[in-house]
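Have a look at the structure below, then the notes.
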Amino acid sequence: MAKPTIVIVGAGFAGYHAARTLSRLSKRRAEIVLVNPTDYFLYLPLLPEVAAGVIDPRRVTISLAESLPGVRTVLGEVDHIDLRARQVGWRDAEGARGGCRYDRLVLTVGSVSKLLPIPGVNEHAHGFRGISEALYLRDHMTRQVELADLTDDEAERTARTTFVVVGAGYTGTEVAAQGVLYTDVLFAGHPRLTRRPRWLLVDRADRVLPELDQRLSRTAAAVLRRRGVDVRTGVSVEEATSQAVRLTDGDCVPSRSLIWCVGVRPDPLVNGLGLDTQHGRLVVDEHLTVPGYPEVYAAGDAAAVPDLTRPGELTPMTAQHAERHGKRVAHNIAASFGDGNPRPYKHHDLGFLVDLGGAQAAANPLGIALAGPPAKAITRGYHLLALPDNRIRTAADWLLDATLPRQVVQLGLATPPPVRPDCVPVVS
């Protein structure tokens, strides 16, 4: 009897943990196919530390082949799904086509950068969603300070050492917090520069970290302001050029660095499926199955998962929920083949963590508000537990960063990735 085929689309938090759990539960009684553009799972929460040179980029990239025994990894992007014929099609990195039939399909395609119709953003903003973007930002910050050191034109120096971060959510706040510490290290190594690099963090919301508890918001804003970051709430970008960023408060900021961290939206694949969506996310029931298609599951940022702990609401688009979505999907798929019983997804938030660089962090584990070194210890402990691999190497990088001078060379490894909408795949 042929093994059933389970296809998982995307290896983010939900997809990776679905594949990992299914690998353990199936005991090779099913063929598990994981389709993903890269051969690694990216641990996104530590990406700002990669950009700031705190940890090696390999620490946040977990090899799919090494960590998912019994799972067939396909390097490709899904661009065709036939729900009636149960077929998935993809293109690999060199454009060759591939595909297979599935008995169970798991859609964990995640999210992409949210773009706003603002003149110049597509052309001049730097995104922050992957390893290449983090490496580019590190090189870019280093290069701008070094180029500022080469010129005697004070206006050019000011523009090159001014960095504008748009979006004061998790990512933008951590990028600004880590970035200002990194450019301070650069500044100390260039005595010709007379002015410390300037950082701005802007968001149209009325506070930093608007989605979190106000105590975390106040802690993060206070740390940023103590470091000299110009935090502007109720403000966004009106126009961007290669030389400046015009803000909605009327200020025109000379800058060569616009870092786009406005937020995310579900992957465009969701819109092409022809299925019901809610707030752009694919509608699923409490068992994470798609209504009308019991063999299709969805999880993570792309799925509108009902939050049973808050009736009428959806689970937030966070790594904490995506990871648990993936594990629950795996168990429910196993149940669909007779191994156990399906269970609804239900998870109470354990709290939130924001790493602010240095010895600073903000956290509220189990609702207990913490700041400073205690929050930092909790934050790093959580990340070490959540990392599927590379824990010892990551801890070693943190120790070295705390005891040795930070390395600040340009690597020249990455070109600026475009910040643009992804194309919508063909779905039938």
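The values are calculated or read from the model by the stated rules, or taken from the named source; none is laboratory data. Worth saying up front: this structure is predicted, and the values here are computed from it rather than measured. Please note: Cβ atoms are built from the backbone with ideal geometry, for glycine as well, and neighbour counts cover all protein chains shown. When the accessible area is computed, the model is the full protein with side chains, heavy atoms only, and any ligands, DNA or RNA have been set aside. Shrake-Rupley method; radii C 1.70, N 1.55, O 1.52, S 1.80 Å.
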- Query: Over segment 126-216, what is the mean sequence separation of C-alpha contacts under 8 Å (at least six apart), divided by residue count, expressed as relative contact order in percent?
  - Reply: 30
- Item | Phi-based couplings in Hz for segment 198-207 (Karplus 6.51, -1.76, 1.60; Gly and Pro marked x) | 10, 10, 10, 10, 10, 7, 6, 5, 8, 7
- Message: With both bridge residues required to lie in the chain, what share of the DSSP beta bridges run antiparallel, to the nearest 5%?
- Response: 50
- Output ³J(HN,Hα) for segment 173-185: one whole-Hz value per residue in order, computed from phi by the Karplus curve 6.51 cos²θ - 1.76 cosθ + 1.60 with θ = phi - 60°, and x for Gly and Pro. 5, 6, 4, 5, 5, 6, x, 5, 5, 5, 6, 5, 5
- Options 234, 214, 340, ranked by Cα towards positive dipole end of the chain, top entry (Cβ charges): 340
- Message: Taking amide H atoms as placed 1.01 Å from N in the peptide plane, list the residues 5 or more away in sequence, or in a different chain, whose amide H sits under 5 Å from that of residue 80.
- Response: 89
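Leaving out ligands, DNA and RNA, what percent of the accessible area of the chain is carbon and sulfur, probe 1.4 Å?
Percent of accessible area from carbon and sulfur atoms in the chain: 53.
To the nearest 0.05, how large is the calculated FRET efficiency for residue 151 and residue 350 if R₀ is 45 Å and r is the Cβ-Cβ distance? Numbers along the way, then the final one.
Details: r = 49 Å, r/R0 = 1.10.
E(calc), rounded to 0.05, equals 0.35.
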- Query: Which lysines have a Cα less than 30 Å from the Cα of residue 3, not counting those fewer than 8 places away in the same chain?
  - Reply: 27, 327
- Item | Check: segment 193-328 dipole with +1 on Lys, Arg Cβ and -1 on Asp, Glu Cβ, in debye | 1040
- If you build a Gaussian network model of the chain, linking Cα atoms that sit under 10 Å apart, which residue out of 181, 399, 44 swings the most? 399
- With +1 at each Lys and Arg Cβ and -1 at each Asp and Glu Cβ, the charge dipole magnitude of the chain around its Cα centre, to the nearest 20 debye, comes out at 1040
- Exposed GluC sites (Glu not before Pro) absent - longest run of the chain, DSSP non-H/G/I/E/B, at most 12 other C-beta within 10 Å: 95-312
- Please identify, among 407, 360, 144, the residue showing maximal mean-square fluctuation in a Gaussian network model of the chain using a 10 angstrom Cα cutoff. 407
- Query: Between residue 24 and residue 264, what is the spin-label point distance in nm, taking each point 7 Å from the Cα along the Cα→C-beta axis?
  - Reply: 2.3
- Message: At 222 nm, what value in deg cm²/dmol follows for the chain if DSSP H runs of at least 4 each add -39500 (n - 2.57) and the sum is divided by all its residues, to the nearest 500?
- Response: -9500 deg cm²/dmol
- Which distance in nm do the two modelled labels at residue 238 and residue 399 give, with both placed 7 Å along the Cα-to-Cβ direction? 5.3
- Message: What do you get for trypsin sites (Lys or Arg not before Pro) in segment 362-407 restricted to DSSP loop and a cutoff of at most 15 other Cβ within 10 Å of the site's Cβ?
- Response: 406
- What whole-number value in Å² describes the accessible area per residue of the chain for a 1.4 Å probe? 44
- Note on the structure: Connecting every pair of Cα atoms under 10 Å apart in the chain and solving the GNM, the largest mean-square fluctuation among 373, 306, 197 falls on 373
